[in-house]
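Readers should treat all values here as calculations from the given coordinates under stated rules, not as data from a laboratory. The model shown is predicted, which means the values in this text are computed figures rather than measured ones.
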Amino acid sequence: MEGTAQMAQSLDRESAFAEIVAQHYLGLVRRLTAVLADPDTARDVAQDAYLRAYRSWDRFDGTDARGWLYTIGLRLAFNERARRRRWSGLLGGRGSDSEWAPEVDHDLHQALGQLRPDHRAALLLSVIDGYTQAEIAGILGVPSGTVASWLSRAKTVLRRALSDA
């Protein structure tokens, strides 16, 4: 009887998790692609983020599933970028950030590719996803003032790049 109760509880947990976070998968992959410059790696990191989120589901406070999931995913993506840079440095190669997403507006994508990954992440979370500076600060684990600075710098870079285009 105890096994049946545990199985029912496990199914409820899985159902709740799937219902709440499944809708955020494509958005998360888009954000991770912007950070990692590689859609395949972004999908892998998104799956790792979902696995970590599922494993820590009992600690989720229930307030903002998208923000919680994006926090996990973006931190994994930044770690992956750092790992790639370390390996690239050790192997004497250089990675390219020039093509991070399918190009629809070449000038815009090229300008976004010039941004630092943390600036780009903050800008996309603000402009595309509609998060406030305080929410972005929580997601990225930095002070709100840092987010304000990143957003300002990112917009300045984009303004310059796109005015010359």
Starting from the Cα-Cα distance between Thr156 and Ile128, subtract it from 0.36 nm times their residue separation and give me the gain in nm to one decimal. 8.3 nm
Just to check I understand the Karplus step: with θ = phi - 60° and J = 6.51 cos²θ - 1.76 cosθ + 1.60, what whole-Hz values come out for segment 67-77, glycine and proline as x? x, 5, 5, 5, 4, 4, x, 5, 5, 5, 5
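How far, in nm, would the chain grow between Arg116 and Ala16 when pulled straight, counting 0.36 nm per residue and subtracting the alpha carbon separation?
32.4 nm
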Under 25 °C and 0.890 mPa s, how fast does segment 103-165 diffuse according to Stokes-Einstein, given a Kirkwood radius computed over C-alpha pairs? Answer in µm²/s, whole number. 208
